[in-house]
Amino acid sequence: MSTLRRQWQWPIALAGATVFGLLSALIGEGGVWWSLCWIALASPLVAIAWCVAAARRR
């Protein structure tokens, strides 16, 4: 795998999850869509918390 692809793999995945979360919140009619929205929009926050915790452990 190239260095460029490895470097941008997670930012693109988090951007895709965010876009999916925003679209599911706008288009979805409640129920399962709201659950998917919360999960998708929380994934970048979980990644941020994980990176901050990893930096503090060092």
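Quick look at the numbers
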read-out: Hits in segment 10-30 (condition: under 12 Å from the mean Cα position of the chain (by Cα) and without any contact (Cβ under 8 Å) to a residue 12 or more places away in the chain); value: 11, 12, 13, 15, 16, 19
read-out: Some residue of segment 31-46 being modelled with pLDDT under 90, surrounded by fewer than 14 Cβ atoms within 10 Å (Cβ to Cβ) and over 14 Å from the mean Cα position of the chain (by Cα); value: yes
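Yes or no, residue by residue, for (1) surrounded by fewer than 10 Cβ atoms within 10 Å (Cβ to Cβ); (2) among the hydroxyl-bearing types (Ser, Thr, Tyr); (3) in a helix (DSSP H, G or I):
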| residue | (1), (2), (3) |
| --- | --- |
| 20 | no, no, yes |
| 24 | no, yes, yes |
| 51 | no, no, yes |
| 54 | yes, no, yes |
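The values are calculated or read from the model by the stated rules, or taken from the named source; none is laboratory data. Because the structure is a prediction, the values reported are computed rather than measured. Positions of Cβ are generated from backbone atoms using ideal geometry, with glycine treated the same way; all protein chains shown enter the neighbour counts.
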